[in-house]
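Read-outs: derived from the displayed coordinates by stated rules, not from any lab. Since we're looking at a predicted model, the values are computed, not measured. Counting neighbours? That spans all protein chains shown, and the Cβs are built from the backbone with ideal geometry, glycine included.
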Amino acid sequence: MPLSQLPESAIDLGANAADWRAAVRLAGAALVESGSTNPGYADEMIRMIEEHGPYVVIAPGLALAHARPGSEVLADGLAVVTLATPVSFGHPHNDPVSVVLGLASTHAGVHLATIAELANIFNDSSAVSELAGATTAAEVRDILGIPA
Amino acid sequence: MKIITICGAGIGSSGILKVNAERVLGRLGVEAEVTAADIASVASVAADAQVILTSAEFVDRIGKTFADVIVIENFFDTAEISRKLEAALG
């Protein structure tokens, strides 16, 4: 299962990012730390946003950064970054962003399964603010319902 | 009924829209096939679709279509998705 675990190394709380690119890079760094991707995956996630716009900000305060499955992805994984100071992605309704999720998937099918799980979690509109306010990895896992 | 959800890669936000649209359609009792796709393939995938769900960024690039194009702001807000789908489906 893609969301079967969320190690400490995949969680970065109260991080500082100067802008949206830096915020996405933090998610990329957490995916590297947790063994999900190569460093180049962060560039791919940024390229997706440069190419298609800030649509990854899919709910108020929440960005779902990801790129396609490919050679930069080593294992399915999720990273959770919360920002000390929210940043703007240039989204017309959902800025500023305080929580950045980084998603890496080995196959499109796995990706969709993970996405369905995320939908279950975030359809509860309080999940973003709860995550933004989390101070420990244990709290994050509790909100997302994912073990370490 | 055929509904397409569109995003940049066809596997991220369009997947969320697909999952939540299916939920809403189930509640509304509407039979529909919902497919997530990327913007690059919209012309072929959505050729026979009745509805396209997407975010504002992609509206211009969807181009000419017979489908109703619905812009969703909060992809996790099933009330918003429900309201807009109901309006489009009449």
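With +1 on each Lys and Arg Cβ and -1 on each Asp and Glu Cβ, and nothing else charged, work out how big the dipole of segment A:1-105 is about its Cα centre, in Debye to the nearest 20. Here the size comes out at about 100 debye.
Helix B:13-28 and the long axis of chain B differ in direction by around 30°, with both axes built from C-alpha atoms. Antiparallel beta bridges, as assigned by DSSP with both residues in chain A, represent about 55 percent of the total such bridges. Among the GluC sites (Glu not before Pro) found in segment B:28-60, those both in a DSSP coil and sparsely packed, with 12 or fewer other Cβ atoms within 10 Å of their Cβ, are B:Glu31. Dipole check for the protein assembly as shown: with +1 at the C-beta of Lys and Arg, -1 at the C-beta of Asp and Glu, and the Cα centre as origin, the magnitude is about 300 Debye.
Rounded, prolate or oblate: which fits chain A when a ≥ b ≥ c are the square roots of the eigenvalues of the alpha-carbon gyration tensor, with rounded for a/c under 1.5 and prolate only if a/b beats b/c? Rounded, because the longest to shortest axis ratio a/c is under 1.5.
For chain A, a Gaussian network of Cα nodes joined below 10 Å ranks A:Ala30, A:Ala134, A:Ala42 by mean-square fluctuation, and the top entry is A:Ala134. Charge dipole of chain B (Cα centre as origin; +1 on each Lys and Arg Cβ, -1 on each Asp and Glu Cβ, all else neutral): 60 debye, rounded to the nearest 20. Please compute the modelled spin-label separation between B:Ala47 and A:Glu33, points set 7 Å along Cα→Cβ, answer in nm with one decimal. Modelled inter-label distance: 4.8 nm.
Placing pseudo-labels 7 Å out from each Cα toward the beta carbon at A:Asp142 and B:Thr65 gives an inter-label distance of 4.2 nm.
Select from A:Ser125, A:Ser105, A:Ser88 the residue whose mean-square fluctuation is largest in a Gaussian network model of chain A (Cα-Cα springs shorter than 10 Å). Among A:Ser125, A:Ser105, A:Ser88, the largest GNM mean-square fluctuation belongs to A:Ser125. Here segment A:54-134 carries DSSP beta bridges of which approximately 65% are antiparallel, counting only pairs with both residues inside. When Lys and Arg each count +1 and Asp and Glu each count -1, what net charge do the other residues less than 12 Å away from A:Ala137, Cβ to Cβ, add up to? Local charge sum for A:Ala137: -3.
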